[in-house]
1. Taking the Cα centre of segment 242-365 as origin, sum charge times position over the Cβ atoms of Lys and Arg (+1) and Asp and Glu (-1), and report the length of that vector in debye to the nearest 20.
2. Heavy atoms only, probe 1.4 angstrom, no DNA, RNA or ligands counted: give me 435, 472 ranked by accessible area, highest first.
3. Would you mind checking the tilt of helix 401-410 against the longest principal axis of the Cα atoms of the chain, expressed as 0 to 90 degrees and rounded to 10?
4. Mind checking the angle between helix 278-289 and the chain's longest principal axis? C-alpha axes, 0 to 90 degrees, to the nearest 10.
5. From Cα pairs below 8 angstrom and at least 6 apart in sequence, can you work out the relative contact order of segment 211-329, rounded to a whole percent?
6. Residue 171: which aspartates and glutamates have alpha carbons under 14 Å from its alpha carbon, excluding same-chain residues fewer than 8 sequence positions away?
7. How much accessible surface does residue 522 have with a 1.4 Å probe, in Å² rounded to 10?
8. Nearest-5 percent of antiparallel DSSP beta bridges in the chain?
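The values are calculated or read from the model by the stated rules, or taken from the named source; none is laboratory data. All of these numbers come straight from a predicted model, not from anything done at the bench. Every residue, glycine as well, gets a Cβ built from its backbone with ideal geometry; the counts of neighbours run over all protein chains shown. The accessibility values were calculated without ligands, DNA or RNA, using every heavy atom of the protein model including side chains. Shrake-Rupley method; radii C 1.70, N 1.55, O 1.52, S 1.80 Å.
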Amino acid sequence: MKTRFISPILLCAVMGAPAIASAQEAVPSIEILTTTEAYDPIRYEGAYIIADAWRDLGLEVTVTPTEFSTLLNTFYDQQDFTVVIAGWSGRVDRLDPQFFLGTLYSENAVMGANNPGGYSNPEYDELFEQQSREFDPEARQELVHQLQEIAAPDAPLVVLFHRDEVVAYNKNNFDNLEAMAGEALYSEWVPMEAQPLTERTTLRYGGPQSPDNINPMLANTVWAWKWMRLYYDRLVRLTPEVETRNWMAESVDPIDETTIEVTLREGLTFHDGEPVTAEDVKFSFDYLMESDYGYFNSYLTAIDNVEVVDDLTVRFHLSEPSAPFASITLSQISILPKHIWEDIENPMELAPSDVPTVGSGPFKFNQYTAGEFMKLDKFEDHFHADEIAVDSIEFQIFADSEGVFTAIQTGQIDVTAWRMEAGQIPLAEQNDDLEVVSVPDFGYYHLTYNLREPHFDDTAFRRALTMAIDRERIVNVLLDGRGEVGSSVIAPVNAFWHNPFTERFDYDMDAAREELEEAGYSWAENGRLQK
């Protein structure tokens, strides 16, 4: 159902024309923030395609290419934007709908959290909380489908496309590299399962982006967490088959619907030799919940408190049943050493050089030079160390995707952590040293409106702008068809949770103008949109 806002205009028989003219006000100019061309030419070129169409609607539009970390800070931490083109990666934990649905949950609209556009719909919020508590998959599926139906007509953001993850690795150097849906080869399991085929046991990745932060209380990107999850361990990990695997936890046992008991493995140690105890687990969750760090809010909201039972046992007391808690929350929250972090009162204000990097994961921190190089070494005292054949992992950071592609062709790196551009793929397929891997992505690239800005709080205005975006052109021309036009925050490849019957906004400039007219917008003599 369309939601239309009709502005009443008093028509005066004698002074009709002046009255209408004086009531009109030009819609403010719109700035589209996007990545630089070097970082991601698809988002860069896509922004200009969108801007041209919006200008045809009578809007004044500028495109501002922005360095990636700066863009994210503006988007999440400052929420100082009108329109942003960004993306959510399809990490394996996000196959459960909790995270992506949570990006439209009003409690995640605070600074630094995952709803920077500020969408708020009480009906959506109520159903979101309801699906979180629903353990029956079929009943939960129905709620998840309803949530997508509620959000679609409100057009709080535009899911531009789901892009195939096409990467490459050097098959002469390593074997047993298993690609994961949404993560391709830059997953937590590849370094733990890769088998060297030469005397070199250092696995070398290459990508165009540094972590936005190595502070686990401040990081907002997959680039940070894909790296940190190798040296910070979790109670549970999700396998490439998306099955829950107890990791630091020896057992995870539900006591009742709102009580989960976790028993740690014996002999766990941090990289500095200190033992990992139940106190560290309780501290890590409490520390996150008591901070202003919003990245994991949707995973933590169900927790009432964490209780230490004994040295190796904790109980999570939930304020309500949580269907994704055991598999998702426990697989994503890193366990921090209490003896290091408990004296840090303002963790989000730490200078980069002061951030502790001691974890308990299968690899330990060695080196990080921002914008250039990262290195981790295998932690020999980890319980899984005997199963790991590589001795270290390096990540070389390049200025752009072309630099990454040159490095994989010349043997400077073993694996591309970043998807290849459309024109690079056939060249990689012709290289006898390389194996090209393609997996569908259940993450998405999006254009998010700031609903706090003038006119963007008007549903009809957002709907019209969405109709004026030619997503088919972006996929077919810029992606060379290697992707799918988006319609929902739950991707079609995630078939059980995806609702294929939500309202779609196909490219239609006439329909966009009609939507605007019905909502009280008009055009000045110079063609500028006004209301």
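1. 500 debye
2. Details: 435 75, 472 105 Å².
Result of the area sort, largest leading: 472, 435.
3. Approximately 40 degrees, to the nearest ten.
4. The angle comes out near 10 degrees.
5. 22 percent.
6. Of all the aspartates and glutamates, those that pass the test against residue 171 - Cα under 14 Å, at least 8 places apart if same chain - are 414, 429, 432, 433, 435.
7. Its heavy atoms expose roughly 40 Å² to the probe.
8. 80 percent
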